[in-house]
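What follows is a set of notes on a single structure, which appears directly below.
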Amino acid sequence: MQHDNFDEEDSLHRIEQGDEVAARELLRHFHPFVLKLVRAHLPRRISEEDLVQMIFIKVFHKLNQYTGRMPLEHWISRIAVNTCLNALKAEKIRPEWRLGDFSEEIAAGIEKLAATEVDTATTDDFDFAKKLVTELIAQLSPEDRLVISLLHLEEKSVEEIHALTGWSRSATKVRAFRARAKMKKMLNERETLAFA
């Protein structure tokens, strides 16, 4: 976290007293952290800065509910993640796949990847695979997208995901297993369509 001289307890006390300077300091201190969360879970139809502003409005609106039983960073991250999830849900992401969801380049790449052995794969093959995985993740439900992104792309532990989202540890593991199974099924369906 930036601004090592930031005194969280003092800042919260001053904000409670109506100190606008303290509020700006808190915003400046946590802005990079919230922006990183937003960029990891950004809905398609809303700008990142608009979402960051929405999150901080909620943080300041609910600040009197912060009890101090968890680090302020974790409390803010829950608000940020839930705000992102709600924005993603509002987009009503289409759950099913259609052949038209992929460009000709992607369809050709799926065909090539299916025929390529891992030990003979080129850098281009790995780049393509990364692009394909990104597209697969984008088609998951908001919760599934979140758990896959946190667990596999950001390499967070189940414990960290629990702290960020409030989901139980077992629910996180089950959700991740099901999300991976959905991605595998979607990829298999894409391969079938690409070869048809």
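The values are calculated or read from the model by the stated rules, or taken from the named source; none is laboratory data. This one's a predicted model, so the numbers in the text were calculated from it and none came from an experiment. Cβ placement follows ideal geometry from the backbone for every residue including glycine, while neighbour counts extend to all protein chains displayed. Note: areas computed on protein heavy atoms with side chains; ligands, DNA, RNA excluded. Shrake-Rupley method; radii C 1.70, N 1.55, O 1.52, S 1.80 Å.
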**Message:** Yes or no: segment 113-128 includes at least one residue that is at pLDDT 80 or above, assigned to a helix (DSSP H, G or I) and touching a Phe, Trp or Tyr at 6+ places or on another chain (Cβ under 9 Å).
**Reply:** no
**Request:** Would you check if residue 79 is modelled with pLDDT of 90 or more, open to solvent by less than 40 Å² (accessible area, probe 1.4 Å) and among the β-branched types (Val, Ile, Thr)?
**Result:** yes
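If you take the residues of segment 30-69 that are part of a helix (DSSP H, G or I) and under 12 Å from the mean Cα position of the chain (by Cα), which of them is nearest to residue 138 (Cα to Cα)? Full working, then the answer.
We begin by selecting, within segment 30-69, every residue part of a helix (DSSP H, G or I); these are 30-40, 48-65.
Filter once more, keeping what is under 12 Å from the mean Cα position of the chain (by Cα): 34-40.
Values: 34: 21, 35: 19, 36: 18, 37: 16, 38: 15, 39: 13, 40: 11 Å.
It comes out as 40.
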**Asked** Where residues in segment 129-154 are over 14 Å from residue 84 (Cβ atoms) and polar (S, T, N, Q), which of them is modelled with the highest pLDDT?
**Response** 139
**Fill in**
A careful count of residues in segment 24-55 that are surrounded by fewer than 19 Cβ atoms within 10 Å (Cβ to Cβ) and hydrophobic (A, V, I, L, M, F, W, C) gives 7
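Yes/no per residue for (1) modelled with pLDDT under 80; (2) open to solvent by less than 50 Å² (accessible area, probe 1.4 Å); (3) not in a helix (DSSP H, G or I):
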{"site": "83", "(1), (2), (3)": "no, yes, no"}
{"site": "89", "(1), (2), (3)": "yes, no, no"}
{"site": "93", "(1), (2), (3)": "yes, yes, yes"}
{"site": "96", "(1), (2), (3)": "yes, no, yes"}
{"site": "156", "(1), (2), (3)": "no, no, yes"}
{"site": "162", "(1), (2), (3)": "no, yes, no"}
